[in-house]
Amino acid sequence: MATRGSVKPFVNFNAKHDAEVLRKAMKGIGTDEDAILMLLAARSNAQRQEIKAAYKKAFGKDLVKDLRSELGGKLEDLIVALMFPSTIYDAHELHKAIKGVGTEDQVLIEILASRTCDEMKDIAKAYKKGNIHCSGTVLVANLRSVCSLIVFQELFAAGEEKFGTDEDKFINILGNRSAEHLRRVFDAYKKIAGCDIEESIKDECTGNLEALLLAVVKCAKSVPGYFAESVRESMRRAGTDDETLIRIMVSRSERDMLDVRAMYKKKYGESLYSTIQEDTEGDYQKALLYLCGGND
């Protein structure tokens, strides 16, 4: 099946050869970061998993542990993120967002609003199988009823005992319709109400519920458009939000990065590639640019 990702399966792939290249890049004095990032950013996620297995078989060592010990800083964060199977990566990011003190609501909103029903089911299975070891709160009771935004009442109630009637209607409709159906609903809504659905959500809802429902609407209209906006925000604040930037570049690289780039150019009049160049540096920048896949 054709994808709109910037990262494609590498032609003439040889997992054993790649494992040997990576071992050589990390062995001895100094680390060849270039060799590592160029290789791993040019392999599909499935191929990276084969490399990991070949590395273990050839050298008896855990590739991810070796990468962690040889790399550092933001480059390490990015390369390690690339080594997760995509479903496990999402589950890991969600778990990280809810553990400890406070909750990173932005991460929850981004992932839960943008992933498909099937993807959410796979994330729930990752928890159930123990691929992510939960301590304390289990991810929304293992993401029960994963296709319904009603689940999110528990996540985003923020102490409220119940939602108002209008909020319930928004939740029920937005949480139980396909993206294609929702787009038709939004068009009809504008004709009837004389305003966009987003305006009504802003009037009727507040806080994280408002942010979540707006994210769902944006994703129903255009997932690449939503991520173009999110990646822009990650680099145009006071200081780059590298966690968000890494998460988006890694998670969209094989899904729809070409479309994210196109929407970014359309919305902001400049290429995502050039913005990354302006906001990052060094090997970390180089790895991000590989994932971006080109300058529009």
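The values are calculated or read from the model by the stated rules, or taken from the named source; none is laboratory data. Predicted, not measured: the structure shown is a model, and the values here were computed from it. Every residue, glycine as well, gets a Cβ built from its backbone with ideal geometry; the counts of neighbours run over all protein chains shown. Just so you know, the surface numbers come from the protein's heavy atoms only, side chains and all, with ligands and any DNA or RNA stripped out. Shrake-Rupley method; radii C 1.70, N 1.55, O 1.52, S 1.80 Å.
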Query raised in the report: Which one of these does residue 81 not meet: (1) open to solvent by 20 Å² or more (accessible area, probe 1.4 Å); (2) modelled with pLDDT of 95 or more?
Result: (1)
Report summary line: Only one of 19, 41 is over 25 Å from residue 242 (Cα atoms) and buried (at least 20 other Cβ atoms within 10 Å of the Cβ), namely 19
Report task. Could you check residue 53 against (1) under 24 Å from residue 280 (Cα atoms); (2) more than 18 Å from the chain's Cα centre (by Cα) and say which number it fails? Result -> (1)
Report summary line: Within region 108-123, of all residues that are among the hydrophobic types (A, V, I, L, M, F, W, C) and closer than 17 Å to residue 250 by Cβ, the one modelled with the highest pLDDT is 111
Report summary line: Within region 85-107, residues open to solvent by less than 50 Å² (accessible area, probe 1.4 Å) and either in contact with an Asp or Glu (Cβ under 9 Å, 6 or more places away or on another chain) or among the acidic types (Asp, Glu) (or both) come out as 87, 90, 91, 93, 97, 98, 105, 107
Report summary line: Apart from one, (1) under 21 Å from residue 71 (Cα atoms); (2) part of a loop (DSSP other than H, G, I, E, B) all hold for residue 18; the odd one out is (2)
Query raised in the report: Could you list, in sequence order, the residues of region 211-233 that are charged (D, E, K, R) and closer than 15 Å to residue 244 by Cα?
Result: 229, 232, 233
Report task. State the number of residues belonging to region 254-286 that are more than 23 Å from residue 238 (Cβ to Cβ) and of a type outside the set (Lys, Arg). Result -> 9
